[in-house]
Amino acid sequence: MPCCVMLCCEECPATDVHSVLRCVIRKGKRVMSLDLGEKKIGTAFSDRTNLIATPHSVYYRHNMSKDIGFLNRLFKEGDAGSMVVGLPVELKEGDQSVAQNSTELR
């Protein structure tokens, strides 16, 4: 249940990941996906049916303000209704900061 409160709203009746995603992802809107790295951010967008995602671009990071501005502009231009941020599945020793920064970006 914590992911529902984090992603959605307190009134959401969802109790599993699939229900949360149905609640959060707006119909007819695209999902913008981010792959955050220390130096680059990979972006992708789903189609309007949310069945297929296609790579969009790679953004070379500058500073938090410029990065957020770019992502906000891309979100609007891509007609996205929600965003997914990928977290690393495996980390080498010392690479903890990327996962930590990903969760702090929310």
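Some observations on this one:
- For Phe45, the residues whose amide H sits under 5 Å from its own are Ser33, Thr54, His56, ignoring neighbours fewer than 5 places away on the same chain, with H placed 1.01 Å from N.
- Working note: Karplus 6.51/-1.76/1.60 with θ = phi - 60° gives the range 74-87 the couplings 5, 4, 5, 5, x, 6, 7, x, 7, 9, 10, 10, x, 10 Hz, where Gly and Pro are set to x.
- In this structure, the amide hydrogen of Arg61, modeled 1.01 Å from its nitrogen in the peptide plane, lies closer than 5 angstrom to those of Lys40, Ile41, counting only residues at least 5 positions away or on a different chain.
FYI, it's all coordinate maths here, none of it is from the lab. Keep in mind that what you see is a predicted model, and the values were worked out from it rather than measured.
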